[in-house]
Amino acid sequence: MVNSGEPRGEQPVYEFEPAGRIDLTDVCHHYEGKHEVPWDIQKYFSQRYSIFSSYDDGIYMTDDAWFGVTPEPIANNIAEEMKASPKKTRVLIDLFCGAGGNTIAFAWTDRWDRIISIERDTATLACAQNNASVYGIADDGVTWVNGDSFAFLKTLFSNPSALHPDLRIDLDATILFASPPWGGPGYSTDEVFNLNNMQPYSIKDLHEAYRPLDHVLFLPRTSDLRQLAELAPDGEKIDIVQMCMEGASKALVAYIPGRGLKKA
């Protein structure tokens, strides 16, 4: 018999554990007609089949999640681009999984040995789990985490023993993906968007948290490319891809090399 070191009858307490199946609540909605939809998300509802082509099969969203979800064709494009990541990267962490659009696309590629998807809002995570099931993603196909992604990474980098064993991963085989909120003055109107004004997390906040590992950022289409270029480690470059849909640029994706834990 192996002695775990824990007192008999007591279970260890971890800072982060995999989330079990979370029930949908009354803030999770499957709207069927425009008359049901709050005015400020009606334009997104009209685009629902571009966001989730299987919307009618039982997709649920919180009202806030409509503002941040990646349209399905773009999510699929990103997933295919990341499928070509170096073969040593077998673990992908989706740091702002929202209602699950990107996570579903990543899972469909069968590229990753592990996908860990993190969402702070419990109701939104319940929607993501439901939506993944609608798309045929098995319950064991994604490890869901209900919590703050910045705190999760801090624990992963500095004190991994505080994570549940199912969340301890090989950092050398891990890549990060983040589709953060884009709020901030000038986001929708400036010809060139100052990423330091992005709210609630600026580009500096994101990069400081992610820089030990290769990370992929989904950002506004007008993002200041000079600011992104400054994030490149010495002697390396950042690849930037414009994501278009129906002939119009919708966003850009920046592929940023990591600097390693020792240099962070």
note = For the stretch 69-176, listing trypsin sites (Lys or Arg not before Pro) in a DSSP loop whose Cβ sees at most 14 other Cβ atoms within 10 Å gives Lys87, Lys88, Arg168
remark   = GNM of the chain, Cα pairs under 10 angstrom: of Gly147, Gly136, Gly235, the biggest fluctuation goes to Gly235
ask   = How many Å² of accessible area per residue for the chain, probe 1.4 Å?
value = 52 Å²
request  = Rounded, prolate or oblate: pick one for the stretch 14-109, where a ≥ b ≥ c are the square roots of the eigenvalues of its C-alpha gyration tensor, a/c under 1.5 means rounded, and failing that, prolate if a/b is larger than b/c, else oblate.
outcome  = oblate
message = Leaving out ligands, DNA and RNA, and with a 1.4 Å probe, what % of the accessible surface on the stretch 67-135 is carbon or sulfur?
response = 50 percent
task = Work out from phi, with θ = phi - 60° and the Karplus expression 6.51 cos²θ - 1.76 cosθ + 1.60, the ³J(HN,Hα) of each residue of the stretch 26-38, listed in order in whole Hz, and give x for Gly and Pro.
result = 6, 9, 9, 10, 10, 6, 10, x, 4, 5, 8, 9, x
ask   = Is the stretch 109-192 rounded, prolate or oblate when judged by the Cα gyration tensor, a ≥ b ≥ c being the square roots of its eigenvalues, rounded requiring a/c under 1.5 and prolate requiring a/b larger than b/c?
value = oblate
query = Cross-link partners among aspartates and glutamates for Lys204, C-alpha distance below 16 Å, same-chain residues fewer than 8 apart left out?
reply = Asp214, Asp224, Glu230
inquiry  = Classify the stretch 28-256 from the C-alpha gyration tensor, please: rounded if a/c falls under 1.5, else prolate or oblate depending on whether a/b exceeds b/c.
reply    = oblate
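The values are calculated or read from the model by the stated rules, or taken from the named source; none is laboratory data. Predicted, not measured: the structure shown is a model, and the values here were computed from it. For neighbour counting, all protein chains shown are included, and Cβ atoms are generated from backbone atoms with ideal geometry for every residue, glycine included. Calculation scope for accessible area: heavy atoms of the full protein, side chains included, ligands and nucleic acids excluded. Shrake-Rupley method; radii C 1.70, N 1.55, O 1.52, S 1.80 Å.
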